[in-house]
């Protein structure tokens with residue numbers, strides 16, 4: 001059985017955020033998942049943008065989300081650029097959060113056999129430099 | 001827009017090679033010379049220049065005017081089209097629009113990129129913030145998501161994807177311009193057993209980045225007639241859609257903007273999918289062609305494998321597919337790669353397909369795919385229907 005890398009030993013850089021995505025990354029310092037929410041339509045969006053994808057207006061709020069959801073799709077990366085190069089294979093999952101957005105993340109404590117579309121997952125916050133964290137997923141058990 | 005008032009009077013294409021030792025402008029000069037030779041036009045008659053995107057040119061935000069200067073083309077209309085792999089087909093549509101609007105009369109559409117030898121891209125995009133940190137390495141992973149999702153929703157017979165790969169490879173063997181490394185026949189077993197790149201995307205699903213150039217000379221139909229040019233190809237239907245379903249948080253990645261772009265192109269051409277004589281879809285990954293078959297209405301959504309099983313995609317078959325080998329088997333000339341299948345369609349309609357000439361040249365359908373967004377399908381979709389019209 002091929003073992004799959006949980007990516008925790010890969011040194012990653014601090015986030016490169018933009019003026020409008022800074023609140024997301026600030027939230028990760030406290031392991032909080034903050035998503036943009038458009039109160040005019042009652043919907044979340046991801047990734048963070050400077051405008052509502054629904055209305056073109058900027059009346060967006062930041063709301064804390066659970067980070068729980070189900071695998072929408074996934075791939076096994078067999079090739080990567082540094083610092084992932086030489087650490088393959090690893091999962092990249094697209095997870096549909098319960099809040100109704102798709103978020104990409106790596107997987108921790110998830111075997112090739114565990115992985116399937118529909119798998120319930122929860123957040124696993126992994127430390128980045130400068131106090132930030134990256135959202136990784138792990139199966140709900 | 002009176003699309004059909006534009007006429008393609010000539011085409012040209014360089015050999016596709018890995019790591020070209022010739023400069024991108026030298027490739028451009030070869031295209032210019034070849035279209036002048038084959039059409040009898042003088043350089044001074046070209047009054048429009050439209051370039052595709054180019055990884056080599058991407059470090060220069062004056063790309064189209066710099067290239068006009070390098071080639072000494074004095075023009076009244078000059079632009080670069082930057083919708084990724086859709087750019088070459090999009091450039092042809094923009095040439096027709098510019099000619100129809102009276103902005104210029106004769107346009108060189110030039111698609112030149114030496115990405116494997118010299119890439120100058122430094123993109124401002126979402127990836128640095130959102131996908132580089134998870135190790136996502138470009139299009140193969142994105143197509144891994146699409147393929148797994150497709151299999152989950154509809155089931156997937158990989159041998160049918162292999163059937164498309166084999167047909168294209170057989171065509172590349174007959175195409176002297178195809179990258180030599182790829183001109184060896186493959187079998188469906190070779191396809192299925194090729195190594196995984198981003199599961200379930202395999203090596204033989206994927207394009208190999210190469211260098212090369214191609215181009216079209218487009219003029220007004222009236223000018224073509226005045227000059228007595230009888231061999232012309234005319235765009236008769238076009239559709240384009242960028243950021244399909246941008247206002248939705250979650251989209252079905254087994255759908256694409258080709259659905260709406262295709263409906264527009266077919267309506268404008270007054271045609272139906274069953275009337276298409278040869279099919280030249282953009283092929284960065286094999287499954288992209290199957291999804292386009294579904295979106296364009298050759299078959300129903302989710303029925304691509306059954307459709308592929310029933311049809312013959314060789315140049316002698318009932319739906320010839322990318323008869324030059326497509327980008328996957330001829331090599332992908334960076335962002336100029338969208339020109340490869342377009343030029344092949346024009347070549348076929350000119351009756352110049354040589355050992356791979358299709359019998360039915362009533363029309364050809366060409367498409368483009370451009371850009372990979374975050375957890376979606378692809379950014380831009382274009383569909384162009386061409387007819388010969390002497």
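Comparing B:324, B:337, B:162 in a Gaussian network model of chain B (Cα springs below 10 Å), the most mobile by mean-square fluctuation is B:162. Kirkwood analysis of the Cα pair distances in segment B:183-324 returns a hydrodynamic radius of 18.0 Å. Rg over Rh for segment B:293-390 works out to 0.97, using Cα positions for both radii and the Kirkwood form for Rh.
If you wrap the tightest convex hull around every Cα atom of segment B:151-258 and split its volume per residue, you get 195 Å³. Take the Cα of residue B:37, step 7 Å toward its Cβ, do the same at residue A:41, and the gap between the two points is 5.4 nm. Restricting the calculation to Cα atoms, every distinct pair contributes to the Kirkwood radius of segment A:35-101, found to be 13.9 Å. P(r) tail, segment B:144-196: Cα-Cα pairs separated by more than 14 Å, 60% of all pairs. A full extension of the chain between residue B:61 and residue B:21 corresponds to an added length of 12.0 nm, given 0.36 nm per residue minus the alpha carbon distance. Site pair residue B:274 and residue B:121 shows an inter-label distance of 4.1 nm when each label is modelled 7 Å from Cα along Cα→Cβ. Once both axes come from the Cα atoms, what is the angle between helix B:286-295 and the longest principal axis of chain B, in degrees from 0 to 90, rounded to 10? Here the helix axis deviates by roughly 80 degrees.
The slack between residue B:389 and residue B:180, meaning 0.36 nm per residue of separation minus the straight C-alpha distance, is 71.9 nm.
Helix B:24-39 and the long axis of chain B differ in direction by around 60°, with both axes built from C-alpha atoms. Considering only B:236, B:166, B:132, the Gaussian network model of chain B with Cα springs below 10 Å gives its largest mean-square fluctuation to B:132.
If you bin all the Cα-Cα distances of segment B:1-154 at 5 Å, starting from zero, the percentages per bin are 2, 8, 15, 18, 18, 12, 10, 8, 6, 3, 1, 0. Please work out, to two decimal places, the log10 of the ratio I(q)/I(0) at q = 0.11 Å⁻¹ from a Debye calculation in which every Cα of chain B carries one identical scatterer. Debye intensities relative to I(0), on a log10 scale: -0.71.
Taking 7 Å steps out from each Cα toward its Cβ at residue A:116 and residue B:250 produces label points 1.9 nm apart.
Computed over segment B:11-75, the quotient of the alpha carbon radius of gyration and 2.2 N^0.38 Å is 1.14.
When the Gaussian network model of chain B links Cα atoms closer than 10 Å, the mean-square fluctuations of B:369, B:343, B:188 top out at B:188. With bins 10 Å wide beginning at 0, the percent of Cα pairs of the protein assembly as shown falling in each bin runs 4, 19, 28, 25, 16, 7, 1, 0. Note on chain B: antiparallel DSSP beta bridges, both residues inside, total approximately 75 percent of the bridges counted. The helix-only estimate of mean residue ellipticity at 222 nm for the protein assembly as shown, built from DSSP H runs of length n ≥ 4 each weighted as -39500 (n - 2.57), is -7500 deg cm²/dmol after division by the residue total. Using Cα centres only, tell me the gap between segment A:28-105 and segment B:224-265 in whole Å. Going from one Cα centre to the other spans 31 Å. Here r is the Cβ-Cβ distance between residue B:352 and residue B:193 and R0 is 41 Å; the resulting FRET efficiency, rounded to 0.05, is 0.70.
A viscosity of 0.692 mPa s and a temperature of 37 °C, combined with the Kirkwood radius over Cα pairs in Stokes-Einstein, give a translational diffusion coefficient for segment A:22-139 of 216 µm²/s.
Note on A:104-110: average number of Cβ atoms from other chains within 10 Å of each residue's Cβ is 2.
A short reminder: the numbers here are calculations on the coordinates, not readings from a lab. A quick note: this is a predicted structure, and the numbers were derived from the prediction, not measured. Backbone-built Cβ (ideal geometry, glycine too); neighbour counts: all protein chains shown.
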